[in-house]
Amino acid sequence: MRVLLADAFPAEHVSALTEHGHDCDYQPDTTTEQLPDRLTGREVLVVRSTAVPSAVIEAADSLRLVIRAGSGTNTIDCESAAERGVHVCNVPGRNAIAVAELAFALMLALDRSVCDNVDDLRAGRWDKKRYSRARGIHGRRVGVVGLGQIGLAFAERAAAFGATVHAVAKPGRSPKTAERADAIGIRFVDDLTTLARTCDVLSLHVPATSATRNLVDADLLAHVQPGTIILNTSRGELVDEDALIAAMEEKDVRAGIDVFTDEPATGTGHIGSRLARHPNVYGTHHIGASTEQAQHAVAAEVVRMVDAFESGSVLNCVNLDAVRLAQSTTRSGEPS
């Protein structure tokens, strides 16, 4: 396969692709604007944060597979890809622990005001009286929104610290998920509003879809308790940022945020987010999945997926039905 690796990818796994007979073009600093030129003749595109809009897909002359080296595919135009017979695949679960660890780190940091402690010490200010006040994690009611691999990993860590973990009851969960939830001791409530009323920490672990856009809005935030911690290591689109800022002003809500709606699409740049600058926010630079452990696990799965695709198997495809429908429609429209 002729592969373009358009984002950072561990060297040993680039070598593995080459050793398996694939023709690899490693261009880790590729921008969305540069993709059309660099995709010429390439059958496979591997991206992490680089966006792949319809214009890129339409310009590609040989593209057959796009792999998002992570779980979310909201930066890829899956519908346009399906129309052109391009499979879009992701790598779910391999970075779950890394994201869960960051979410948990943000919760601990907010509870103990770690960042403010550090800022004052570096400025020569000693304020033990202020920073001695913290609630602690043991005994807190932690609400987990989304019980996929990341949500469950976060729930396990919260339970290990003695928190009482809650989630929304949902029919049709797999037996494996139900078994893990039972082992964690998750308590289920009927809906998201009840979860917001019940818990003093809410951690978001759902994908960005039309159904989850602005999931945390003014209506939901009206039900949270003063001092509640909101954690978002999933996608910026899940949160109405203006509504969250208002809740921080009115209820002293605090937030640990790794993702922002207007974050740069490149590795470095400027972010003008009001939310990122708010004193009640501990923010990070969309680094949830960026541990060495996670990146090697994801990269190994990408190698397996490229090998499988060459052999005729499509793994972890998020638009498979749409591709099949488009191909069926094309065939039915061909002259006999």
Quick one: which strands (runs of 3 or more DSSP E) sit completely within the range 151-266 and have at least 1 residues that are crowded, with 23+ Cβ neighbours inside 10 Å?
164-168, 201-204, 229-232, 254-257
Is there a residue in the range 119-142 that is hydroxyl-bearing (Ser, Thr, Tyr), touching a Leu at 6+ places or on another chain (Cβ under 9 Å) and in a helix (DSSP H, G or I)?
no
Could you tell me whether any residue of the range 203-212 is out of contact with any Lys or Arg (no Cβ under 7 Å at 6 or more places or on another chain) and either outside the structural domain of LYS251 (by TED's automatic domain parsing) or more than 24 Å from ALA289 (Cβ to Cβ) (or both)?
no
Scanning the range 267-301 for residues that are under 15 Å from the mean Cα position of the chain (by Cα), assigned to a loop (DSSP other than H, G, I, E, B) and aliphatic (A, V, I, L, M), the one surrounded by the fewest Cβ atoms within 10 Å (Cβ to Cβ) turns out to be ILE287
Please count how many residues of the range 318-336 are modelled with pLDDT of 70 or more and either within 14 Å of ALA81 (Cβ to Cβ) or surrounded by fewer than 10 Cβ atoms within 10 Å (Cβ to Cβ) (or both).
10
Which numbered condition trips up LEU147, out of (1) modelled with pLDDT of 95 or more; (2) surrounded by fewer than 16 Cβ atoms within 10 Å (Cβ to Cβ)?
(2)
If I ask for residues that are closer than 18 Å to MET107 by Cα and acidic (Asp, Glu), which ones from the range 183-223 would you list?
ASP200
Complete set of residues in the range 95-134 that are in contact (Cβ under 8 Å) with a residue 40 or more places away in the chain and farther than 30 Å from HIS296 by Cβ
ASP111
If I filter the range 218-262 down to residues being touching a strand residue (DSSP E or B) at 6+ places or on another chain (Cβ under 8 Å) and of a type in the set (Asp, Glu), which single residue comes out as farthest from ALA196 (Cα to Cα)?
ASP258
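Quick one: would you say ARG68 is over 20 Å from LEU147 (Cβ atoms) and either outside the structural domain of GLU237 (by TED's automatic domain parsing) or of a type in the set (D, E, K, R) (or both)?
yes
Does the range 57-68 contain any residue that is of a type outside the set (A, V, I, L, M, F, W, C), under 26 Å from ASN232 (Cα atoms), under 22 Å from the mean Cα position of the chain (by Cα) and modelled with pLDDT under 95? It would help to see each step written out before you state the result.
Filtering the range 57-68 down to residues of a type outside the set (A, V, I, L, M, F, W, C) leaves 58, 61-62, 64, 68.
Filter again for under 26 Å from ASN232 (Cα atoms), leaving 68.
Subsequent filtering for residues that are under 22 Å from the mean Cα position of the chain (by Cα) retains 68.
Filter again for modelled with pLDDT under 95, leaving none.
No.
Among the residues of the range 47-98, which ones are of a type outside the set (A, V, I, L, M) and within 18 Å of ALA8 (Cβ to Cβ)?
ARG48, SER49, THR50, ARG68, GLY70, SER71, GLY72, THR75, ASN90, ARG94, ASN95
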For the range 261-274, state whether one or more residues are hydrophobic (A, V, I, L, M, F, W, C) and in the same structural domain as ALA109 (by TED's automatic domain parsing).
yes
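Residues in the range 22-47 that are in contact (Cβ under 8 Å) with a residue 60 or more places away in the chain and farther than 17 Å from ALA81 by Cα: how many?
Residues in the range 22-47 being in contact (Cβ under 8 Å) with a residue 60 or more places away in the chain and farther than 17 Å from ALA81 by Cα: 3 in total.
The values are calculated or read from the model by the stated rules, or taken from the named source; none is laboratory data. Predicted model, so just to flag it, every value in this text is computed and none were measured. Counting neighbours? That spans all protein chains shown, and the Cβs are built from the backbone with ideal geometry, glycine included.
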